[in-house]
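Note sheet for the following structure.
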Amino acid sequence: EIDKVDLQILNILQEDCHLSFRKLADKIGISAVIAASRIKNLEDKGILKGYTVILDPVKLGFDLTAVIFMQTEGDYLKDLENELSQMSNVIALYEITGDFDVVAVVKLKDRDGLNSLLKNLLVTPHIKKTMTNVTLTVVKEDFKIKL
């Protein structure tokens with residue numbers, strides 16, 4: 001069971017995941033040993049899945065974000081998801097309800113990259129239909145969850 005202290009730890013780690021156990025513990029008034037133990041427990045439960053660095057894709061040349069909706073035929077959804085999840089440009093992949101089965105959010109360097117990706121998708125077996133939207137402005141991109 002997750003309690004208030006665990007939620008505080010998770011919120012702090014979402015803001016700065018490279019804090020020492022001591023600094024994190026000081027922020028919430030517990031010992032560093034308890035903080036380390038609770039973090040280990042959250043990792044063991046799979047609640048805390050990893051630690052990462054947040055990059056600015058535009059500053060790294062990934063100026064284009066696209067959202068690609070795909071409809072599959074038959075029982076090939078899992079095969080498509082497996083293939084898409086291996087693609088480095090796919091940053092998010094969701095099964096969805098409605099007219100489409102899956103949606104991928106992709107980061108690309110330019111329109112040529114998008115064109116190449118879409119042509120590869122068009123020859124992928126069992127994709128019945130796609131719809132692609134290109135973002136004009138990124139208003140918010142944040143995978144932190146307010147707890």
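The values are calculated or read from the model by the stated rules, or taken from the named source; none is laboratory data. Bear in mind the structure is a predicted one, so any value in this text is a computation, not a measurement. Cβ coordinates were reconstructed from backbone atoms using ideal geometry, including for glycine residues, and neighbour counts include every protein chain displayed. When the accessible area is computed, the model is the full protein with side chains, heavy atoms only, and any ligands, DNA or RNA have been set aside. Shrake-Rupley method; radii C 1.70, N 1.55, O 1.52, S 1.80 Å.
Name the residue that is farthest from LEU136 (Cα to Cα), counting only residues in segment 77-89 that are crowded, with 17+ Cβ neighbours inside 10 Å and not acidic (Asp, Glu). Here the residue is LEU80.
Of all the criteria given as (1) in contact (Cβ under 8 Å) with a residue 40 or more places away in the chain; (2) touching a Gly at 6+ places or on another chain (Cβ under 9 Å); (3) open to solvent by 50 Å² or more (accessible area, probe 1.4 Å), the one not satisfied by LEU7 is (2). None of LYS40, LYS49 is of a type outside the set (Gly, Ala, Ser), within 23 Å of the chain's Cα centre (by Cα) and within 30 Å of THR137 (Cα to Cα) except LYS49. Across segment 90-106, what is the total count of residues that are open to solvent by less than 70 Å² (accessible area, probe 1.4 Å) and free of Cβ contacts under 8 Å to residues at least 24 places away in the same chain? Number satisfying all stated conditions: 4. Within segment 52-67, being of a type in the set (Val, Ile, Thr), modelled with pLDDT under 95 and within 15 Å of the chain's Cα centre (by Cα) holds for THR52, VAL53, ILE54. Candidates are the residues of segment 92-116 that are hydrophobic (A, V, I, L, M, F, W, C) and either at pLDDT below 95 or part of a loop (DSSP other than H, G, I, E, B) (or both); the one that is farthest from GLU73 (Cα to Cα) is ILE96.
Restricting segment 117-135 to residues that are surrounded by 11 or more Cβ atoms within 10 Å (Cβ to Cβ) and of a type in the set (A, V, I, L, M) leaves a set whose member that is farthest from LEU84 (Cα to Cα) is VAL134.
Of GLY50, GLY74, GLY46, all but one fail to be in a loop (DSSP other than H, G, I, E, B), open to solvent by less than 70 Å² (accessible area, probe 1.4 Å) and more than 20 Å from LYS144 (Cα to Cα); the exception is GLY74. Tell me, which residue of segment 127-147 that is in contact with a strand residue (DSSP E or B) (Cβ under 7 Å, 6 or more places away or on another chain) and in a loop (DSSP other than H, G, I, E, B) is modelled with the highest pLDDT? That would be THR135.
Contact map, segment 61-79: residues that are farther than 20 Å from ILE91 by Cβ paired with residues that are at pLDDT below 90 and part of a loop (DSSP other than H, G, I, E, B), Cβ distance under 8 Å, separation 6+ or inter-chain. Pairs shown: THR72/HIS126; GLU73/HIS126; GLY74/HIS126; TYR76/PRO125; TYR76/HIS126; ASP79/HIS126.
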